[in-house]
Amino acid sequence: MQAILSQPLQEVDGQLSLEYLGTDLSDVHKVPVAAWLMRNRAGDEVGGIRFRLESTQHVLLYAGHIGYNVHPKHRGNHYAARAVRLLVPIAKAIKIDPLWITCDPENMASRRTLEWIGADYVETVNVLYNNAVFLAGHPRKRRYRLSTSIATNDGQIPSEEKP
């Protein structure tokens, strides 16, 4: 699996590349988590993305397989959507299908990102009060499903005008 995770990941148009940082066992999520830095064409660090490599109930319901963050000054460039698309072939290779991705209900940027990449909204769930996600201040999560069998990695991010 290490060979799959550490392969170079870059969009065809060069707008975004992912620099593999390694894989560690998460103390919070209790599963192996692979991490990458997101870099733009100029090589600037624009954020990060993490891939939880197992499908536990906690991951499926609350944490999601993928988590991302984009630094404030780089927001609005679809870097999160582009990074998720770069990870789809990895998910497919390690036989995780579908990918579950969650976000807070009030996080409109993540909601738009998930819609742009073609993830299907499934439901909003209340997080159990004793769960690490709840204790970190996230009492509810919107759950999205992204099939790795139909998702593409063509580097095309739909425009904001998409209904």
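Remarks
- Index of the failed condition, Leu86 passing every other in (1) closer than 22 Å to Leu5 by Cβ; (2) surrounded by 22 or more Cβ atoms within 10 Å (Cβ to Cβ): (2)
- Residue within segment 47-60 that is among the hydroxyl-bearing types (Ser, Thr, Tyr) and in contact with a strand residue (DSSP E or B) (Cβ under 6 Å, 6 or more places away or on another chain) present: no
- Every listed requirement among (1) assigned to a loop (DSSP other than H, G, I, E, B); (2) without any contact (Cβ under 8 Å) to a residue 24 or more places away in the chain is met by Pro105 save one, (2).
- Contact annotation: residue pairs with Cβ atoms under 8 Å, 6 or more positions apart or on different chains, pairing a residue in segment 49-75 that is touching a residue at least 24 places away in the same chain (Cβ under 8 Å) and small (Gly, Ala, Ser) with a partner that is surrounded by 16 or more Cβ atoms within 10 Å (Cβ to Cβ) and assigned to a helix (DSSP H, G or I), are Ala63/Val133.
- When residues in segment 71-80 are screened for being closer than 25 Å to Val133 by Cβ and surrounded by fewer than 22 Cβ atoms within 10 Å (Cβ to Cβ), 3 of them pass.
- Out of Ala63, Ala34, sole residue that is under 15 Å from Ser110 (Cβ atoms) and buried (at least 16 other Cβ atoms within 10 Å of the Cβ): Ala63
Only the coordinates and a few stated rules stand behind these numbers; no lab work does. None of these values were measured; they are calculated from a predicted model. Neighbour counts are summed over all protein chains in view; Cβ atoms, including those assigned to glycine, are modelled from backbone coordinates with ideal geometry.
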